[in-house]
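What follows is a single structure, written as structure tokens, with notes after it.
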Amino acid sequence: MPLSTQSQADIDQYILIASLDNARNLSNILKAISFRDHAIFNATQNGLKVTVEDSKCLQANAFIQADIFQEYIIKEDAVGFQVNLTVLLDCLTIFGGSTVPGVCTALRMCYNGYGYPLTLFLEEGGVVTVCKINTQEPEEPIDFDFCSTNVTNKVILQSDSLKEAFSELDMTSEVLQITMSPSHPYFRLSTFGNSGNAHYDYPKDSDMMELFQCTKIQTNRYKMSLLKPSTKALALSCKVSNKTSGSFDKGEQLDPAGPTSLTSDKQASTDPLSDVLTYQ
């Protein structure tokens, strides 16, 4: 039956209901963080947060604000569960992800509480498919707790320039080094691969640089293997923000803001430095 004709009794049995006119909006943002099979869902009055972790050293978070959904009902302060992300993405594209203008798959996602499956009602062209995905008790994710009040350096640049840099740097390098300095080279990306050392510099007055605030020289290194999963989120973004401090964590946050203003962030803890990259 069409989603709009579901009875009130059917709706009342759930503690969490989230509806979208186009399921593709959700599947696109989840694909950007789908580097592991399972994801932790945490719903609050503010919206839905999806977390994916890899070996407690790489963490991706996608946050969909409550007002993004056409319908968002939560009957408890917080609702949490874990599902197989690969299966969920397969269900969201069960109609094949039509690209025909004006044709989209409507979604109503429902959850009835601990021990119950996550139920998806998907409708396209008057045809409704119901998918039920077994849920698990969510694991406690790592809390990177990056302190935003201790920022020493901050840079915002357009994502296109970073995509271009990634295409030119030597990806055989085990690490990507990011240098920020009040003087030359200002903002530098460096790799150390089979072809030798490569550097990509951004002048502080570059057209690609929207903000440059740097008080001291700081160099951080990322493992390339941890950065590669972030390229999916980079493809959705239009701006990149890099913040650094002197604490003992390192994080990378990715915030792609598209037409639906969906937000995700990715964090990785590897070196005894603090570095936050935000893609918007």
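The values are calculated or read from the model by the stated rules, or taken from the named source; none is laboratory data. Given the structure is predicted, the values throughout are model-derived calculations rather than measurements. As a convention, Cβ positions derive from the backbone with ideal geometry for all residues, glycine included, and neighbour counts pool all protein chains shown. We work out accessible area using only protein heavy atoms, side chains counted, and drop any ligands, DNA or RNA first. Shrake-Rupley method; radii C 1.70, N 1.55, O 1.52, S 1.80 Å.
log10 I(q)/I(0), Debye, Cα-only segment 150-195, no solvent, q = 0.22, 0.30 Å⁻¹?
Listed by q, the Debye log ratios stand at -0.89, -1.15.
Given a Förster distance of 30 angstrom, what is the FRET efficiency for I73 paired with S161, based on the Cβ-Cβ distance and rounded to 0.05?
Once the sixth-power term is evaluated, E becomes 0.10.
Can you compute the FRET efficiency between Q45 and Q13 using 1/(1 + (r/R0)^6), with r the Cβ-Cβ distance and R0 = 25 Å? Round to the nearest 0.05.
Computed FRET efficiency for Q45 and Q13: 0.80.
How much net charge surrounds L120 when only other residues with a Cβ under 12 Å from its Cβ are counted (Lys, Arg +1; Asp, Glu -1)?
0
For the ranges 177-190, 120-133, what's the packing order if you count other beta-carbon atoms within 10 Å of each residue, average per peptide, and put the highest first?
Taking the mean over residues of other Cβ atoms within 10 Å, the ranking is 177-190, 120-133.
Modelling each spin label as a point 7 Å along the Cα-to-Cβ direction, I'd like the K228/H184 distance in nm, to one decimal.
3.5 nm
Heavy-atom accessible area per residue, segment 158-217, 1.4 Å probe: how many Å²?
For segment 158-217, the per-residue accessible area is 55 Å².
Based on Cβ point charges of +1 for Lys and Arg and -1 for Asp and Glu, what charge dipole magnitude is obtained for segment 60-209 about its Cα centre, in debye rounded to the nearest 20?
Approximately 140 debye in magnitude.
Contour minus end-to-end for D170 and D143, with contour as 0.36 nm per residue of separation and end-to-end as the Cα-Cα distance?
Working it through step by step, the gained length comes to 6.5 nm.
Given a 1.4 Å probe and every protein chain left where it sits, what share in percent of the accessible area of segment 50-142 is carbon and sulfur?
Exposed carbon and sulfur together represent 50 percent of the surface.
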